[in-house]
Amino acid sequence: MLDVGRNPARYLVTGGAGFIGSHLVEALLHRGQKVRVLDNLSTGKRDNLSFLSRLPEEAAGNYELRVGDVRDLNTVRKSTVGVDYILHHAALGSVERSVEDPIASNDVNVGGTLNVLKAALENQVRGIVYASSSSVYGAAPTLPRDEDQFPAPLSPYAASKLAGEHYCLVFAKTYGLSIVGLRYFNVFGPRQDPESRYSAVIPRFIDAALHDRLLEIHGDGLQTRDFTYVENVVDANLRAIEALALADSGGVFNIACGETYSVLDLVSFLSQLLGKNLRMIHTEPRKGDVRDSVAKITKAEQRLGYRPKTTFVEGLRRTIAYYRNHQGEMNDDRHLR
């Protein structure tokens with residue numbers, strides 16, 4: 001396997017101050033790479049990049065932050081000058097938010113992606129990793145989800161991520177850009193914001209449990225997910241970069257663990273790990289939510305050499321530890337609001 005650390009390059013991480021993006025930035029800097037972040041800080045946070053203060057001076061000097069929006073083509077053009085690879089993670093997430101405001105989701109997720117592709121072409125970027133989503137499968141009846149299945153999105157968010165995939169395919173075939181798409185399945189881990197009403201289920205549940213609040217479950221709780229710890233996603237991105245560097249690019253890959261757990265299973269694991277009897281309340285199902293989701297990861301295993309490094313339960317254990325350690329800081333943030 002090609003060692004990214006032995007092949008120094010300049011990377012642009014769009015959305016690099018976000019949850020997944022910041023983990024990618026940290027991993028690349030630890031490997032001696034030069035990293036430029038483009039983020040408008042609307043959902044990303046400077047606090048997610050606080051690890052920079054703990055890096056050796058040389059590694060920290062390889063980092064640059066540009067506050068800007070992928071919806072502005074000139075901003076993206078300037079940010080891609082001199083860049084070898086782009087990890088495109090800038091997006092407006094959340095199925096629920098997209099149902100409420102589909103125009104905003106389209107503007108960021110589709111228009112922003114098109115700007116990244118156009119700027120990459122103009123500035124002769126060597127390759128792009130596009131962050132897609134398992135939501136593109138939607139109501140497809142067959143489990144596990146296979147990359148060859150016909151997508152059936154249920155929400156504007158899912159439709160926008162699928163549209164981004166199609167634009168990537170067009171730019172690969174028409175213009176010769178080297179692009180790998182990664183369909184993430186329910187990523188979780190440290191730095192994921194638990195406080196927004198659009199937050200994912202795991203940070204919301206951990207935060208509620210640590211503060212002895214009710215866990216709000218949408219629907220009956222029997223809906224299933226392939227929860228994927230963020231370390232696995234970072235590894236997949238590094239492997240995708242290596243594939244691009246070796247000119248073995250193209251296609252879209254499921255990035256998950258290939259295991260399925262219900263929301264009630266999640267509550268049970270959290271109860272065990274926290275040593276608490278957690279209290280729940282059931283509310284109406286959310287519009288656009290997929291009932292069941294689990295990935296087939298054979299293609300990523302064979303083409304990228306991807307293997308999940310961290311199990312669901314171990315990931316939960318690490319995530320709980322993170323939120324426990326940051327509980328005081330989060331309480332201070334709430335007080336300041």
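The values are calculated or read from the model by the stated rules, or taken from the named source; none is laboratory data. This structure is a prediction, so every number in the text was calculated from the model and none was measured. Heads up, the Cβs are rebuilt from the backbone with ideal geometry, glycines too, and the neighbour counts pull from every protein chain shown.
In the condition set (1) closer than 30 Å to Leu177 by Cα; (2) in contact with a Gly (Cβ under 9 Å, 6 or more places away or on another chain); (3) of a type in the set (A, V, I, L, M); (4) buried (at least 21 other Cβ atoms within 10 Å of the Cβ), Ala245 is compliant with all but (4).
Candidates Gly164, Gly181, Gly250: the one that is of a type in the set (Gly, Ala, Ser), at pLDDT 95 or above, outside any helix (DSSP H, G or I) and more than 25 Å from Asp47 (Cβ to Cβ) is Gly181. Would it be correct to say that Asn109 is more than 18 Å from Ala159 (Cβ to Cβ) and either assigned to a helix (DSSP H, G or I) or modelled with pLDDT under 95 (or both)? So Asn109 does not fit the description; no. Residues in segment 30-41: is at least one closer than 17 Å to Val230 by Cα, modelled with pLDDT of 95 or more and within 18 Å of the chain's Cα centre (by Cα)? Checking segment 30-41: not a single residue is closer than 17 Å to Val230 by Cα, modelled with pLDDT of 95 or more and within 18 Å of the chain's Cα centre (by Cα).
For segment 15-68, the set of residues classified as among the acidic types (Asp, Glu) and either surrounded by fewer than 19 Cβ atoms within 10 Å (Cβ to Cβ) or touching a Lys or Arg at 6+ places or on another chain (Cβ under 7 Å) (or both) consists of Asp47, Glu57, Glu58, Glu64, listed by residue number.
So which of Ser268, Ser178, Ser160, Ser262 ends up being touching a residue at least 12 places away in the same chain (Cβ under 8 Å), of a type in the set (S, T, N, Q) and surrounded by fewer than 18 Cβ atoms within 10 Å (Cβ to Cβ)?
Only one candidate passes the filter, namely Ser262.
Of the listed requirements (1) surrounded by 15 or more Cβ atoms within 10 Å (Cβ to Cβ); (2) out of contact with any Pro (no Cβ under 7 Å at 6 or more places or on another chain), Cys257 misses just one: (2).
Taking the conditions exactly as written (in a strand (DSSP E or B), buried (at least 16 other Cβ atoms within 10 Å of the Cβ) and modelled with pLDDT of 90 or more), does Ile217 satisfy them or not? It is true that Ile217 is in a strand (DSSP E or B), buried (at least 16 other Cβ atoms within 10 Å of the Cβ) and modelled with pLDDT of 90 or more.
Taking the stated definitions as given, is Tyr229 touching a Gly at 6+ places or on another chain (Cβ under 7 Å), surrounded by 22 or more Cβ atoms within 10 Å (Cβ to Cβ), of a type outside the set (Asp, Glu) and in contact (Cβ under 8 Å) with a residue 40 or more places away in the chain? Judged against the criteria, Tyr229 is a match. Screening Ile103 with (1) at pLDDT 95 or above; (2) crowded, with 24+ Cβ neighbours inside 10 Å gives one miss only, at (2).
In segment 163-173, the count of residues that are of a type in the set (Val, Ile, Thr) and either surrounded by 20 or more Cβ atoms within 10 Å (Cβ to Cβ) or farther than 23 Å from Val125 by Cα (or both) is zero. Yes or no: Ala17 in a loop (DSSP other than H, G, I, E, B), in contact with an Asp or Glu (Cβ under 7 Å, 6 or more places away or on another chain) and small (Gly, Ala, Ser)? Spelling it out, Ala17 is indeed in a loop (DSSP other than H, G, I, E, B), in contact with an Asp or Glu (Cβ under 7 Å, 6 or more places away or on another chain) and small (Gly, Ala, Ser). Checking the structure you have, find out if any residue of segment 167-178 is closer than 24 Å to Ser22 by Cβ, in contact with a Pro (Cβ under 8 Å, 6 or more places away or on another chain) and of a type in the set (A, V, I, L, M, F, W, C). No; the residues of segment 167-178 include none that is closer than 24 Å to Ser22 by Cβ, in contact with a Pro (Cβ under 8 Å, 6 or more places away or on another chain) and of a type in the set (A, V, I, L, M, F, W, C). Of everything in segment 114-145 that is among the hydroxyl-bearing types (Ser, Thr, Tyr) and more than 15 Å from the chain's Cα centre (by Cα), the residue that is modelled with the lowest pLDDT is Thr142. In segment 91-102, the residues that are more than 23 Å from Ala17 (Cα to Cα) form Cβ pairs under 6 Å with partners that are among the basic types (Lys, Arg), at six or more places apart or across chains, as follows: Val99/Lys287.
Among the residues of segment 253-295, write down those that are part of a loop (DSSP other than H, G, I, E, B), within 22 Å of Tyr157 (Cα to Cα) and at pLDDT 95 or above. Listed by number, the list holds a single entry, Ala256. Looking at segment 199-244 only, could you name the residues that are more than 30 Å from Arg31 (Cα to Cα), touching a helix residue (DSSP H, G or I) at 6+ places or on another chain (Cβ under 7 Å) and among the acidic types (Asp, Glu)? Scanning segment 199-244 gives a single hit, Asp207.
For segment 67-100, the candidate set comprises residues that are under 13 Å from Ala119 (Cα atoms) and assigned to a strand (DSSP E or B); within that set, the residue that is nearest to the chain's Cα centre (by Cα) is His88.
You will find that of Asn74, Asn62, the residue that is out of contact with any helix residue (DSSP H, G or I) (no Cβ under 7 Å at 6 or more places or on another chain) and free of Cβ contacts under 8 Å to residues at least 60 places away in the same chain is Asn74 and no other. Under the condition of being surrounded by 13 or more Cβ atoms within 10 Å (Cβ to Cβ) and of a type in the set (Gly, Ala, Ser), the residues counted in segment 271-288 number 2.
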